[in-house]
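Colleague: Just dropping this structure here.
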Amino acid sequence: MAILFQEKERIFTLQTEHTTWQMQVSSYGHLLHLYYGKKINHGSMAYLVRGIDRGFSGCPYAALEEREYSLDTYPQEYPAYGVGDYRISCLDAEHGDGSQAAELVYVTHRIYDGKYGLEGLPALWSEDGAEEETDKKTADAEAALPGAGGVEKEEKTSRPDKPQTLELVLKDTGSNMEVTLYYGVFPRYDVITRACIVKNRDSEAIYLNKALSACLDIRRPDLEMISFHGRHTMERMAERGKLRHGKTVVDSLRGSSSHHRNPFVILCEEHAGEEHGECWGAAFVYSGNFIAEGEVDPLGQTRLCMGIHPEGFRYKLEPGDVFTAPEAVFSFSSRGLGLLSQNYHRVYEAHLIRSKYKSLRRPVLLNHWEALDFRFCEDDLLSLARSGKELGMELFVMDDGWFGRRDGDTRGLGDWTVNREKLPSGIRGFAEKIHGMGLKFGIWIEPEMINEDSDLYRSHPDWAMKMPGRRPNVERGQLVLDMCRKEVRDYLFDSISRVLDEGQADYVKWDMNRSLCDVWSASLPKDRQGEALHRYVLGVYELMERFTSRYPDILWEGCSGGGGRFDAGILYYMPQIWCSDNTDAVERLRIQYGTSFGYPVSAMGSHVSVSPNHQTGRETSLKTRALVAMAGTFGYEMDVRKLKEQEREEVKEQIKIYKNYYDLIHHGTYYRLTDAEQNRDFAVWQFVSRDKSQSLVCGVMLHMQSNPLFYQVRARGLEEDARYRLSDGMVGKGEEIPPVPAGTGDFGGNPKTDIYEGSALMYGGINLPVVYGDNQGFCFFMEKLYADSDCTIF
């Protein structure tokens, strides 16, 4: 069973294959957190909750005779502001009389098979979408003692490996406000999700000044936090530091999850590494303003809260209204950061991403942007596409510049009609020519934005987000459309759908190229303007849902100036996200390394671009650029017409090799073999097939020295007793492998004859090549052998 309720102790236990989350309804009805960590098979962890009478830490009025009972010191599941817990809170509710407080006590619960859903919001889902309630026994808590609501002796389900849901209903003791906490349990993935819904059952309006999604209390003062900071073109740089007394905040106030912070954090032991140590992950399934806040309290307890950022947020609930807080996804690993990441990779691929392309091989694309940017005509694009087709590319993407009077970034956004001067054949005619070459056709859009120099703005200036009486901040020559308004979303859906229908589009890149400010919606009254940012995100999600539902066969890719909206919320609608506008292979090593902590390789949009690189001017080999791009969705973004004949042949071979390794890369287990933030000499990563019969070790020797050192890396995930043949991974599987040139130091001979036990490769290591020059890529392919033969297992 995944979820168990024990009546006598009033304890809820959530079990996955390797973890346990446990909580208890206290004698006063408060929901106390007992434990989240390595699996506890039996028993109560309530003994861990202790209290003494501490000065300046009061007790609830109901506990006057029990001074040691204090919400200020006890671990909680969903702490609220104003009732004696002075640590980070999840909920700040302002009632009709102006008071701000919420003392939440248990009312009832239910447990059912399947995973809860959240209306209008992305969330993990179960295989069959079932929400079969296994026990509908409830009780009216208002007729019982405080906190003694609906209970059963024991609740079980018959599907122990399937997702299950626990709903816990809490009520404010001083009002009729109700909070329902949702827990989704994914046993096979060691993942537990959290969300909540606040309902106003009072006769007056309530304002929510803060409504976070989840809280996790851990009885340790010595944890570190790993977060992922960045900026445009340098997203998700992993940063690690010790949590100190007081608060540590990771957040975004930019209207999106942003380049600058990512809504995914890890708490871990001081010496936790890839293969050892306890780690707790928390990911927010949301694409707007967020906060992940950690606090070490005076007693040495650590609290982590996550949800929508309260700054600028104020949500009005009329009587009967509800507010749904987005989902947070938790996972725990007692065996290091690598396993924690793999938990997220597996559950996102199985239970977050919905696109059919999560299981289909995605086409190798050619994007026109870094070859031509805005300066193109139809013949240019056709010539580029034709050259790409000759090299083996399968999808041609027409990026920005095809619509309105879009000759630069200051005009045209919002006018989703073809520019006939650039494309005299129109979208239909141009797409037919692309399809006629045997290529799929892709197109770029930026629905959420508008230029003042556009027909749309001249017709509907009120559709842009602007504050009355203020001149707006302008980024990249554009303003933001008010996605709170249905008429705006309808216009975008209708106008862009016409384009997609005319072009019979196979791929769409959805971009978003500025942060939000000057936030004010003409569709909302003044007492609801604090809802605008959240309603904007809901509007974006509604539009994405409409598009992806109408066009399920299109491969959708998210983008926000690169990786400015790389979050789990977008992955619910689109199976991949453009990882960064920085296509420099060396910089991408750090970007993709940081991204891999919380997101699967299959989600990372990555392309081979020109050398010298447009963003950095750095020169790198075509081999290195391809190897780095292969650790993602893989494609090309350069003027392939300018390639030399030798380079053309190399590109053809790269595409064949990527296709050969596609399943291994996209559906295998991913390992980080080096730390890209600490090791500036080489970067190495590995893919292992689920049956451990094949593996690919890829890397880049970054900084070479005279009289060089020899380096090794330890492989992971192999069978210790199995034998593996190592070969050059950049030669197609099944093809003849050339000898290793003398002095390269790869393996000292023809790699086809190099056979090793898995234990040797994992504990002794793999020799890294000695190369000449910086930033040289390498790749080793390993295949498992039968016991006493040279046959491979497939």
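Colleague: Filter segment 47-79 down to the residues that are among the small types (Gly, Ala, Ser), under 25 Å from residue 196 (Cβ atoms) and in a loop (DSSP other than H, G, I, E, B) and list them by number.
Modeller: Across segment 47-79, the qualifying residue is only 70.
Colleague: For residue 163, work out the one condition from (1) closer than 29 Å to residue 103 by Cβ; (2) surrounded by 24 or more Cβ atoms within 10 Å (Cβ to Cβ) it doesn't fulfil.
Modeller: (1)
Colleague: Only residues that are of a type in the set (A, V, I, L, M) and open to solvent by less than 10 Å² (accessible area, probe 1.4 Å): list them for segment 519-553, please.
Modeller: Hits for segment 519-553 are 532, 537, 540, 543, 544.
Colleague: Suppose we filter 644, 692, 656 for residues that are surrounded by fewer than 21 Cβ atoms within 10 Å (Cβ to Cβ) and touching a Leu at 6+ places or on another chain (Cβ under 9 Å); which single one remains?
Modeller: Just one listed residue meets the conditions, 692.
Colleague: Can you say whether residue 547 is in a helix (DSSP H, G or I), within 19 Å of residue 569 (Cβ to Cβ) and aromatic (Phe, Trp, Tyr), as far as the supplied structure shows?
Modeller: Against the criterion (in a helix (DSSP H, G or I), within 19 Å of residue 569 (Cβ to Cβ) and aromatic (Phe, Trp, Tyr)), residue 547 qualifies.
Colleague: Keeping to segment 492-518, report how many residues are touching a Lys or Arg at 6+ places or on another chain (Cβ under 6 Å), surrounded by fewer than 19 Cβ atoms within 10 Å (Cβ to Cβ) and within 21 Å of residue 289 (Cα to Cα).
Modeller: 1
Colleague: What are the residues in segment 43-59 that are hydrophobic (A, V, I, L, M, F, W, C) and either under 21 Å from residue 220 (Cα atoms) or open to solvent by 60 Å² or more (accessible area, probe 1.4 Å) (or both), if any?
Modeller: The answer is 45, 46, 48, 49, 52, 56.
Colleague: Further question on the same structure: Does residue 26 satisfy the criteria of being open to solvent by less than 50 Å² (accessible area, probe 1.4 Å), farther than 25 Å from residue 339 by Cβ, in contact (Cβ under 8 Å) with a residue 60 or more places away in the chain and of a type outside the set (Lys, Arg)?
Modeller: Yes.
Colleague: Further question on the same structure: Is there a residue being outside any strand (DSSP E or B), closer than 17 Å to residue 644 by Cα and not hydroxyl-bearing (Ser, Thr, Tyr) anywhere in segment 595-611?
Modeller: Scanning segment 595-611 turns up at least one residue that is outside any strand (DSSP E or B), closer than 17 Å to residue 644 by Cα and not hydroxyl-bearing (Ser, Thr, Tyr).
Colleague: Still on this structure, I have one more. Select from segment 88-109 the residues that are open to solvent by 20 Å² or more (accessible area, probe 1.4 Å) and not β-branched (Val, Ile, Thr) and list them in ascending order.
Modeller: 92, 94, 95, 96, 97, 98, 99, 100, 101, 103
Colleague: Can you find, within segment 309-352, the residue that is farthest from residue 520 (Cα to Cα) among those that are open to solvent by 10 Å² or more (accessible area, probe 1.4 Å) and in a strand (DSSP E or B)?
Modeller: Among residues in segment 309-352 that are open to solvent by 10 Å² or more (accessible area, probe 1.4 Å) and in a strand (DSSP E or B), the one farthest from residue 520 (Cα to Cα) is 335.
Colleague: Please find, within segment 501-544, the residue that is farthest from residue 286 (Cα to Cα) out of those that are part of a helix (DSSP H, G or I) and among the aromatic types (Phe, Trp, Tyr).
Modeller: 536
Listed here are the residues, each with its yes/no results for (1) surrounded by fewer than 13 Cβ atoms within 10 Å (Cβ to Cβ); (2) at pLDDT 65 or above.
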site: 707; (1), (2): yes, yes
site: 712; (1), (2): yes, yes
site: 733; (1), (2): no, no
site: 741; (1), (2): yes, no
site: 747; (1), (2): no, no
site: 786; (1), (2): yes, yes
site: 794; (1), (2): yes, no
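Colleague: Could you grab the pairs with beta carbons closer than 7 Å, sequence gap of 6+ or different chains, first residue in segment 506-535 and on the phi > 0 side of the Ramachandran plot, second one surrounded by 19 or more Cβ atoms within 10 Å (Cβ to Cβ)?
Modeller: If the second residue must be surrounded by 19 or more Cβ atoms within 10 Å (Cβ to Cβ), the pairs left are 518/465; 518/466.
Colleague: Scan segment 227-255 for residues that are under 26 Å from residue 536 (Cα atoms), outside any strand (DSSP E or B) and open to solvent by 60 Å² or more (accessible area, probe 1.4 Å) and jot them down.
Modeller: Once the filter is applied, which keeps residues that are under 26 Å from residue 536 (Cα atoms), outside any strand (DSSP E or B) and open to solvent by 60 Å² or more (accessible area, probe 1.4 Å), segment 227-255 yields 232, 253, 254.
Colleague: Would you confirm whether or not segment 460-472 contains a residue that is under 25 Å from residue 366 (Cβ atoms), open to solvent by less than 20 Å² (accessible area, probe 1.4 Å), touching a Leu at 6+ places or on another chain (Cβ under 9 Å) and among the hydrophobic types (A, V, I, L, M, F, W, C)?
Modeller: Within segment 460-472, none of the residues are under 25 Å from residue 366 (Cβ atoms), open to solvent by less than 20 Å² (accessible area, probe 1.4 Å), touching a Leu at 6+ places or on another chain (Cβ under 9 Å) and among the hydrophobic types (A, V, I, L, M, F, W, C).
Colleague: Something else about it: Could you list, in sequence order, the residues of segment 9-46 that are in a loop (DSSP other than H, G, I, E, B), modelled with pLDDT of 95 or more and at negative phi?
Modeller: 9, 16, 17, 18, 26, 27, 28, 30, 39, 40, 44, 45
The values are calculated or read from the model by the stated rules, or taken from the named source; none is laboratory data. If you're wondering where the values come from, they're calculated on a predicted model, not measured in any experiment. Cβ: placed from backbone, ideal geometry, glycine included. Neighbour counts: every protein chain shown. Protein only, heavy atoms only, side chains kept; ligands, DNA and RNA dropped before computing areas. Shrake-Rupley method; radii C 1.70, N 1.55, O 1.52, S 1.80 Å.
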